[in-house]
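To start, the structure under review is shown below, and the notes come after it.
Each reported figure results from applying straightforward, stated rules to the coordinates on display, with no laboratory input. Just so it is clear, the structure is predicted and the values come from calculations on it, not from any experiment. Virtual Cβ from ideal backbone geometry, glycine too; neighbours counted across all protein chains shown.
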Amino acid sequence: MKNIVIFGAPGAGKGTQSDFLVEKYNLNHISTGDLLRKEIADQTELGKRIKSIMDSGSLVSDDIVVEMIDNAIAKSDRGMLFDGFPRNIKQAETLDNIMRKHGREITCMVSLDVPREELIRRMLERAKTSGRSDDNEQTIKHRLEEYERQTKPVADYYKQQNKLIAINGLGKIQDIAANIANAIG
Ligand code: AMP
């Protein structure tokens, strides 16, 4: 049973490659962004609290996402794909603890590497059709800053555990998927 973290800056192609990984390894797709957007769409108390934070492109508090992740792991009867989590070192440490508590372990992290100019180009393209309120130029820049400052160090956390698989995120979607599959084995 594989438990994989898909990692990369916003716009790196995590969502696209997640679809492929979920299918290939029969995984539960656990996306904190999707879970949070559902809270907003359902207009829950939590959703009302986090909407302005998400619209600004900042990260919501660790407690909120950690609780969501803990519940999702407890319910999962399959391997899991974590998408959008962990977003900082604290979340990465917490994920290890929660996995241990449930008798599981992260198998590897797949990191998609894409240059900044290409990330911005892709996100502005996606903004035309995504309907996401955080897909606009100002918020995109802030999300990239948050990524650089808080999220990027998470790759080193997995590198130190020999679990980091770095993949070039430029090129054809199928070629990138094939490279990931080869690397995971
Ligand atoms: P995403 O769909 O992964 O790009 O996430 C969209 C937004 O949801 C982010 O800009 C954050 O505001 C919030 N978010 C998603 N995952 C996390 C996380 N693990 N920790 C904190 N905030 C998150």
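In terms of overall dimensions, the C-alpha atoms belonging to segment 131-185 reach 39, 29, 15 Å along their principal axes, ordered largest to smallest. Rounded to the nearest angstrom and listed largest first, the equivalent-ellipsoid semi-axes of segment 15-83 from its Cα gyration tensor are 24, 14, 10. Taking 20 °C and 1.002 mPa s as conditions, segment 3-184 diffuses translationally at an estimated 128 µm²/s according to Stokes-Einstein applied to its Kirkwood radius (Cα pairs). Using only side-chain charges placed at the Cβ, +1 for Lys and Arg and -1 for Asp and Glu, the dipole size of segment 3-184 relative to its Cα centre rounds to 140 debye. The calculated FRET efficiency for the pair Arg49 and Arg121, based on their C-beta separation and a Förster distance of 35 Å, comes to about 0.60. Among residues other than Glu105 whose Cβ falls under 13 Å from its Cβ, what is the net charge (Lys/Arg +1, Asp/Glu -1)? Counting the neighbours of Glu105, the net charge comes to +4.
For segment 7-74 versus segment 125-141, the inter-centroid distance based on Cα atoms is 16 Å. When Arg116, Arg143 are sorted by how many other C-beta atoms sit within 10 angstrom of their C-beta, beginning with the fewest, the order is Arg116, Arg143. By the count of other C-beta atoms within 10 Å, a proxy for reagent exposure, Val66, Val154 are ordered fewest to most as Val66, Val154.
Partner aspartates and glutamates whose Cα lies under 16 Å from the Cα of Lys38, excluding those fewer than 8 positions away in the same chain, are identified as Asp55, Glu67, Asp83, Asp134. Please give me the summed charge of the neighbours of Thr139: other residues whose Cβ is under 12 Å from its Cβ, Lys and Arg +1, Asp and Glu -1. Its environment carries a net charge of -3. Measuring against 24 Å, Cα to Cα, the residue pairs Lys24/Lys101; Lys90/Lys163; Lys24/Lys75 contain Lys24/Lys101 as the ones spanning a longer distance.
Note on Lys128: aspartates and glutamates with a C-alpha under 12 Å away, same-chain residues under 8 apart excluded, are Glu137. Ordered by the number of other Cβ atoms lying within 10 Å of each residue's own Cβ, fewest first, Ser111, Ser133 fall into the sequence Ser133, Ser111.
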